[in-house]
């Protein structure tokens, strides 16, 4: 299996910028509140200390734990026997921690997911996706609605030229059985293979633009100072 770096390229910059942005925001709030009861110099010191504390929290705790220790543990699991079949089929492991490869003519993506719960241990499972295209007199959405449903592998959802499902045996999946089954279902539905690049060019960018517009509609600018741009994004509605 190909090796990937433990620390993602550009991740330190992301944490640094987030730490600085949030640090300045908290520092300004602390400075303003402190100024009510303290001299300017004392309030400024409290503000700077708050800024430094938030920045160090993002870098020292957030970056170190998330981008090294936790990520290292995830990578070690991806090299385990659980994913041996993907290695045998020469799937590529990407730095964003998912597998992708061509199998029996179709491009398959396996995405390990961790779902955190309020109580109990987090649940870990894998989502298997396949990209496809088809020729039909019906609109794409209508054809895909007909394909969605319960199969012997589990419930498979078809949308935006991508089929995805969580195997019934999600705790200990047999990737050979599940991927073979998915490809058989795609062929039985007269679906044609579509490469990830073609999917991105034809469908993915449109979806990204729609998501960007949605995020933009939920985002409000809080502070703009030079290159510093602090924004707040409202959570999505359920």
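The values are calculated or read from the model by the stated rules, or taken from the named source; none is laboratory data. Since the structure is predicted, the reported quantities are computational estimates derived from the model, not experimental observations. All Cβ positions, even for glycine, are placed from backbone atoms using ideal geometry, and neighbour counts span all protein chains on display.
Residues in the stretch 92-113 that are in contact with a helix residue (DSSP H, G or I) (Cβ under 8 Å, 6 or more places away or on another chain) and within 20 Å of residue 169 (Cβ to Cβ): 99, 103, 108, 109, 110, 112. Scanning the stretch 1-18 for residues that are surrounded by 13 or more Cβ atoms within 10 Å (Cβ to Cβ) and assigned to a helix (DSSP H, G or I) gives 11, 12, 14, 15, 16, 17, 18. Evaluate the stretch 52-60: report whether one residue or more is in a strand (DSSP E or B), touching a residue at least 24 places away in the same chain (Cβ under 8 Å) and surrounded by fewer than 14 Cβ atoms within 10 Å (Cβ to Cβ). Looking through the stretch 52-60, none of the residues is in a strand (DSSP E or B), touching a residue at least 24 places away in the same chain (Cβ under 8 Å) and surrounded by fewer than 14 Cβ atoms within 10 Å (Cβ to Cβ). The listed residues are 32, 21, and the only one of them that is loosely packed, with under 14 Cβ neighbours inside 10 Å and over 30 Å from residue 127 (Cβ atoms) turns out to be 32. State whether the residues of the stretch 115-126 include one that is in contact with a strand residue (DSSP E or B) (Cβ under 8 Å, 6 or more places away or on another chain), surrounded by 18 or more Cβ atoms within 10 Å (Cβ to Cβ), at negative phi and touching a residue at least 60 places away in the same chain (Cβ under 8 Å). Within the stretch 115-126, none of the residues are in contact with a strand residue (DSSP E or B) (Cβ under 8 Å, 6 or more places away or on another chain), surrounded by 18 or more Cβ atoms within 10 Å (Cβ to Cβ), at negative phi and touching a residue at least 60 places away in the same chain (Cβ under 8 Å). Taken over the stretch 80-101, the criterion of being in a strand (DSSP E or B) and without any contact (Cβ under 8 Å) to a residue 24 or more places away in the chain is satisfied by 98, 99, 101. In the stretch 140-209, counting only helices (runs of 4 or more DSSP H) that sit wholly within it, the ones holding 3 or more residues that are at pLDDT below 90, farther than 19 Å from residue 91 by Cα and more than 19 Å from the chain's Cα centre (by Cα) span 140-147.
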